[in-house]
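Written out below as structure tokens is the structure these notes cover.
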Amino acid sequence: MQTQTESQAGTQWVALLDEEARGLVAAVDAHPDARRVFNGTIDAEGYAHYLIQTYHYARWSTPILGEAGERLKQSGRHPELAELLIQKAGEEQGHEKWLLSDLKNLGWHHDQVETARRSPAVDAYTGWNFFTSRSGVPTAVLGTAYVLEYLSQTRAGVGAERLLATAAIPNIHKSVTFLRSHGALDGDHVAEMARILEGLTDPEEQAAILFSARATRSIYPGIFREGTPSGHLLAK
Ligand SMILES: [Fe+2]
Ligand SMILES: [Fe+2]
């Protein structure tokens, strides 16, 4: 059982993680194209850009989380966090298929998605998170998961509904599975992570998780289209 002091420390450090998560939401709200995805006013090209870049990082979620979990488990440290990482690897399985299906319904074939240029943010995201998963502090991956799921619970479900209400993108009613599903699932996932992370009292592990949360919050807005709608990065 935790002492009063430990449990306060747990709540306090998770509040710092929430601050990083709120920072990510604010950064997304401040980015012109990201804001338009979640308020439903994005054009078809900008929405496809978002889904394609998301595909190129989300396809690695299961190996990133799973390998971190297995490495932590083998170390014998923080068994509850190792289990959480392995559980989350399972939860993320197949989510890239929602993206491919949404993109197909927007007219993007699988091979076009595969060969589309990845933004520097996607390379930074996968590079950093594979590093912590395979070689750095494996629990750090939870910082990334926390801020992304927090963003999802805050913006994804509402974003899907607004895209449908605006209906400016042809076939949009068949192309919001990724957003809608995450909006529905990630509220519970954030609450579960917060509850488990409150039990983590090791300051170095807390620092590693917070550092990854901050790295991801800095990198993530870069997955959205930059510049004006005509100055986009993607070649179809
Ligand atoms: Fe997911
Ligand atoms: Fe989730």
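Read the figures in this text as sums done on the coordinates, not as results from a lab. These numbers come from a predicted model, not from an experiment. All Cβ positions, even for glycine, are placed from backbone atoms using ideal geometry, and neighbour counts span all protein chains on display.
For the residues Ser135, Ser101, Ser152, what sequence is obtained by ranking on other C-beta atoms within 10 Å, fewest first? Walk me through the numbers on the way to the answer.
Values: Ser135 9, Ser101 14, Ser152 22.
Lowest to highest Cβ neighbour count: Ser135, Ser101, Ser152.
Using the empirical formula 2.2 N^0.38 Å as the baseline, the Cα radius of gyration of the chain reaches a ratio of 1.02. Measure nothing but the geometry: give the 0 to 90° angle between the long axis through the Cα atoms of 95-105 and the longest principal axis through the Cα atoms of the chain, rounded to 10°. Helix 95-105 sits at roughly 10 degrees to that axis.
Between Thr41 and Asp111, the FRET efficiency estimated from the beta carbon spacing at R0 = 30 angstrom works out to 0.50. Which of rounded, prolate or oblate describes segment 13-109 when judged by the alpha-carbon gyration tensor and an a/c cut-off of 1.5? Because a/c hits 1.5 or more and a/b fails to exceed b/c, segment 13-109 counts as oblate.
Springs between Cα atoms under 10 Å define the GNM used for the chain, and in it the highest mean-square fluctuation of Leu103, Leu85, Leu164 occurs at Leu164. Computed over segment 118-236, the range of Cα coordinates on each principal axis works out to 50, 31, 20 Å, biggest value leading.
Can you give the angle from 0 to 90° between the axis of helix 141-151 and the longest principal axis of the chain, with both taken from C-alpha atoms, to the nearest 10? The angle comes out near 50 degrees. Helix 203-219 axis versus longest C-alpha principal axis of the chain: approximately 10°, rounded to the nearest ten. Under 13 Å of direct C-alpha separation, and excluding same-chain neighbours fewer than eight residues apart, Lys88 reaches these aspartates and glutamates: Glu67, Glu70, Glu80, Glu149, Asp186, Asp188, Glu192.
Apply 1/(1 + (r/R0)^6) to the Cβ-Cβ distance of Gln87 and Thr201, taking R0 = 35 Å, and write down the FRET efficiency to the nearest 0.05. Present the calculation step by step, with values, prior to reporting the outcome.
Details: r = 21 Å, r/R0 = 0.61.
In this case the efficiency is close to 0.95.
Spin-label model, Ser75/Lys97: points 7 Å from Cα along the beta carbon direction are separated by 3.3 nm.
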